[in-house]
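K.L.:
Here's a structure for you.
The values are calculated or read from the model by the stated rules, or taken from the named source; none is laboratory data. Keep in mind that what you see is a predicted model, and the values were worked out from it rather than measured. Virtual Cβ from ideal backbone geometry, glycine too; neighbours counted across all protein chains shown.
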């Protein structure tokens, strides 16, 4: 961390220099991080990397013109050069009436302790032992685990400060720790890879290295013996990691950039049902020790609890000040993204979701990026398990699942209680009543 530099004083100096250079207003973000990461493979250390980064990003407004410059040189000369570059860029660009700081009245004034900073004083030698333990546990799961792709460890502490010409200054300090493991299982010519991980702000909330390794090994072995199925329409169950991405496409479609460009399949969908009744999506920016908690957004605007989906109905957009002005609306305090999303719905155990599905596809891996944000058309390569009579029958791969996101969202019929709490979007598994599953034709599963 950049402890030797008084960041608030530095921010004030840069803003003052920008004003004297001709900027009518300005805003800046200073970020600094420090930590290390390592990787072991076959119990030997493959890499150990220490990181110490710092950067200042400055945005200036000259009338209705905008200029942006960034630098990692926080000396007086480096900062002066950044200011000069930003002002020069602004003067060379075209005017845009939507440019400018967020309104001063919207700046955050309440800064509660969100319990985000939990440094872990662990020596690299001890971190190596944790990664080795995870790898040993993975390799011990089954004799068919033939090789390791390695186990990794990381621990970082970051500090960021945002300030602008309104006199606003807000700072955040937080930590992130974790480890992961990946192995390859083989049976004859059949080889399958899988992994597992754990991350948290607090080291004492991490899963044990042994449990991470065991899960990585178990996941690799269970994928052996994949069979083909015929092309058909059937229910599809997304595990939590993939359900988050599915719902993330909804977030992208209600975000300002997609809306003002008219590049969203949810244009004009406000106050319309998007999800089934009984499903709500909430933003909760003040959750203690959570992954995306913050009292202010990327423009200093106060964050707040919000309900984006209420009983299935879309109730709000995700806007910063620029996109809001383009749309003739007000910022929602979401410049830079969302702050802890929670999907609320009636939940049930994973095994019960399998029973409810009866016969269909459990998706555990997705490939490709076949999501059209304009039309909502969805097509992704997939692998997972075929489910028959409410039980996992065998692994499957080389599939494509397809549909339209508006139909997929309305066809949510089940939600699991298998939520991993340390995620920016908290949801369990999600069951869709029907999607098209395309596969190389084979005997019916």
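Each row is one residue, and each column tells you yes or no for (1) outside the structural domain of residue 17 (by TED's automatic domain parsing); (2) modelled with pLDDT under 95; (3) buried (at least 17 other Cβ atoms within 10 Å of the Cβ); (4) closer than 18 Å to residue 17 by Cα.
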{"position": "64", "(1), (2), (3), (4)": "no, no, no, no"}
{"position": "71", "(1), (2), (3), (4)": "no, no, yes, yes"}
{"position": "78", "(1), (2), (3), (4)": "no, no, no, yes"}
{"position": "88", "(1), (2), (3), (4)": "no, no, no, yes"}
{"position": "92", "(1), (2), (3), (4)": "no, no, no, no"}
{"position": "99", "(1), (2), (3), (4)": "no, no, yes, no"}
{"position": "112", "(1), (2), (3), (4)": "yes, no, no, no"}
{"position": "117", "(1), (2), (3), (4)": "yes, no, no, no"}
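K.L.:
Count, please, the residues in region 203-227 that happen to be surrounded by 15 or more Cβ atoms within 10 Å (Cβ to Cβ) and either without any contact (Cβ under 8 Å) to a residue 40 or more places away in the chain or over 17 Å from residue 133 (Cβ atoms) (or both).
P.N.:
Here is the first cut: in region 203-227, the ones surrounded by 15 or more Cβ atoms within 10 Å (Cβ to Cβ) are 203, 206-207, 209-210, 212-224, 226.
Okay, now just the ones that are also either without any contact (Cβ under 8 Å) to a residue 40 or more places away in the chain or over 17 Å from residue 133 (Cβ atoms) (or both), so 206-207, 215, 219-224, 226.
Total satisfying the criteria: 10.
K.L.:
Then there's this: Quick one: would you say residue 90 is out of contact with any helix residue (DSSP H, G or I) (no Cβ under 9 Å at 6 or more places or on another chain), farther than 17 Å from residue 162 by Cα and touching a residue at least 40 places away in the same chain (Cβ under 8 Å)?
P.N.:
Values: out of contact with any helix residue (DSSP H, G or I) (no Cβ under 9 Å at 6 or more places or on another chain): yes; farther than 17 Å from residue 162 by Cα: yes; touching a residue at least 40 places away in the same chain (Cβ under 8 Å): yes.
Spelling it out, residue 90 is indeed out of contact with any helix residue (DSSP H, G or I) (no Cβ under 9 Å at 6 or more places or on another chain), farther than 17 Å from residue 162 by Cα and touching a residue at least 40 places away in the same chain (Cβ under 8 Å).
K.L.:
Please find, within region 157-179, the residue that is nearest to residue 54 (Cα to Cα) out of those that are out of contact with any helix residue (DSSP H, G or I) (no Cβ under 7 Å at 6 or more places or on another chain) and assigned to a loop (DSSP other than H, G, I, E, B).
P.N.:
Step one: of region 157-179, the residues out of contact with any helix residue (DSSP H, G or I) (no Cβ under 7 Å at 6 or more places or on another chain) are 157-160, 162, 164, 167-168, 170-176, 178.
Next, only the ones that are assigned to a loop (DSSP other than H, G, I, E, B) stay: 167-168.
On the way: 167: 23, 168: 21 Å.
Checking each candidate, the answer is 168.
K.L.:
Still on this structure, I have one more. Within region 239-255, is there a residue that is out of contact with any strand residue (DSSP E or B) (no Cβ under 8 Å at 6 or more places or on another chain) and not in a helix (DSSP H, G or I)?
P.N.:
Checked against the condition, which is being out of contact with any strand residue (DSSP E or B) (no Cβ under 8 Å at 6 or more places or on another chain) and not in a helix (DSSP H, G or I), region 239-255 yields no hits at all.
K.L.:
Quick one: which residue in 281, 313 is crowded, with 23+ Cβ neighbours inside 10 Å and touching a residue at least 24 places away in the same chain (Cβ under 8 Å)?
P.N.:
On the way: 313 fails: crowded, with 23+ Cβ neighbours inside 10 Å.
Of the residues listed, the single one that is crowded, with 23+ Cβ neighbours inside 10 Å and touching a residue at least 24 places away in the same chain (Cβ under 8 Å) is 281.
K.L.:
Read through the list (1) in contact with a strand residue (DSSP E or B) (Cβ under 6 Å, 6 or more places away or on another chain); (2) assigned to a loop (DSSP other than H, G, I, E, B), then give the number of the only condition that residue 289 fails.
P.N.:
Condition (1) is where residue 289 drops out.
Here's the yes/no breakdown for (1) free of Cβ contacts under 8 Å to residues at least 24 places away in the same chain; (2) in contact with a strand residue (DSSP E or B) (Cβ under 7 Å, 6 or more places away or on another chain); (3) closer than 22 Å to residue 434 by Cα:
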site	(1), (2), (3)
264	no, no, no
276	no, yes, yes
303	no, yes, no
325	no, no, no
329	yes, no, no
340	no, yes, no
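K.L.:
Could you tell me which of the residues 189, 142, 126 is over 28 Å from residue 202 (Cβ atoms), free of Cβ contacts under 8 Å to residues at least 40 places away in the same chain and surrounded by fewer than 19 Cβ atoms within 10 Å (Cβ to Cβ)?
P.N.:
Values: 142 fails: free of Cβ contacts under 8 Å to residues at least 40 places away in the same chain; 126 fails: over 28 Å from residue 202 (Cβ atoms).
After ruling out the rest, the residue left standing is 189.
K.L.:
When you check residue 408 against the structure, is it under 28 Å from residue 269 (Cβ atoms) and in contact with a strand residue (DSSP E or B) (Cβ under 6 Å, 6 or more places away or on another chain), yes or no?
P.N.:
Working: under 28 Å from residue 269 (Cβ atoms): yes; in contact with a strand residue (DSSP E or B) (Cβ under 6 Å, 6 or more places away or on another chain): yes.
Criteria met by residue 408.
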